[in-house]
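Inspection log for the structure reproduced underneath, given as structure tokens.
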Amino acid sequence: MQVIPKIPHWRPVRHPPPLPPDGLHLWRIKAGPDGAPLAELRSLLSPRESERAARLLFDNHRERYVRAHAGLRAILSGYVGIDPQAIELRYADAGKPYLANSLRALDFNLTTTGDLALVALSSGEPIGVDCEQLRDRRSLVAIAARMFSPEEASRIAAAPEEEQSERFHVAWTGLEAEVKVDGLGLAGRKQPSAQSSIQIKHCMPAPGFIAAVARKDLPPVGNWITLELSAG
């Protein structure tokens with residue numbers, strides 16, 4: 001069983017440090033009730049984002065969405081020097097957002113699960129991130145057989161019952177992070193990837209969560225810069 005490194009510290013900042021071409025910045029956004037006040041965030045969203053939030057049926061889903069997407073805009077603002085609400089985002093066919101025009105050299109990806117959102121940023125290389133809250137799922141083995149390669153599904157099925165959930169979520173987040181690199185979606189994609197140049201590394205961003213980041217030539221997890229948006 002692989003050892004998944006924990007993220008020991010998230011440094012609160014208002015403005016990001018420099019992002020070198022081979023570096024990786026991983027931000028945490030508190031998307032739950034302990035996050036930023038919603039009244040301060042709604043004005044940062046684009047009309048598309050506001051409409052998307054309004055269509056969510058449950059209050060907690062709507063609040064997480066607002067905090068995550070407004071937080072993303074506040075984070076991007078520190079890199080590109082544009083007011084959060086003025087940042088122009090465009091979307092790939094499968095929904096991955098990217099910065100318009102000359103700002104596209106900064107690649108980013110957002111994931112939200114429960115009350116936790118993560119943003120991974122890369123300079124010059126496409127990046128994907130996924131995070132899942134560990135929880136028991138029905139028919140883990142059946143889902144693995146449908147979503148993963150036969151080898152991966154067999155490893156999950158053969159694992160002791162107490163390890164199956166973690167193994168499943170490691171495989172799931174790895175697959176999701178990988179397909180989010182190119183933004184083309186999950187259709188027809190299974191592990192292991194034919195894109196051997198894409199690396200996938202896992203971490204535990206908080207107790208009970210597993211995250212995966214995918215990019216060409218990823219630095220070791222211990223070299224990632226882990227940040228949190230400061231309210232001050």
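Can you list the residues, at least 5 places off or on another chain, whose amide H is less than 5 Å from the amide H of residue 209, using H built in the peptide plane?
134
Give the angle, between 0 and 90 degrees and rounded to the nearest 10, that separates the Cα long axis of helix 161-182 from the longest principal axis of the Cα atoms of the chain.
50 degrees
What list do you get for 224, 27 if you sort them by fewest beta carbons within 10 Å?
The order, fewest Cβ neighbours first, is 224, 27.
Just want the ordering: 107, 83, from fewest to most Cβ atoms lying within 10 Å of their own Cβ.
Placing the least packed residue first, the sequence is 83, 107.
Among 180, 6, 201, what is the fewest-to-most ranking by other Cβ atoms within 10 Å? List each step's numbers first, then the result.
Details: 180 27, 6 12, 201 19.
Ordered by Cβ neighbours within 10 Å, fewest first: 6, 201, 180.
Okay, which of the stretch 21-42 sit inside 17 Å, backbone N to the point 7 Å along the Cα-Cβ direction of residue 58?
31-34
Would you mind calculating the relative contact order of the stretch 11-229 from Cα pairs under 8 angstrom and at least 6 residues apart, reporting the percent as a whole number?
Contact order relative to length: 26 percent.
When the chain is treated as a GNM, springs tying every alpha-carbon pair under 10 Å, which of 143, 75, 210 comes out with the largest mean-square fluctuation?
Taking springs between Cα atoms under 10 Å, the residue moving most is 143.
Please give the peptides 215-223, 122-130, 60-68 ranked by average Cβ packing (other Cβ atoms within 10 Å per residue), highest first, as a rough proxy for protection.
Working: 215-223: 14.6, 122-130: 21.3, 60-68: 19.4.
Answer by packing, highest mean first, reads 122-130, 60-68, 215-223.
Here, each number is a calculation from the coordinates, and none is a lab measurement. These numbers were taken from a predicted model, which means no experiment stands behind them. Positions of Cβ are backbone-derived with ideal geometry, glycine not excepted, and every protein chain shown enters the neighbour counts.
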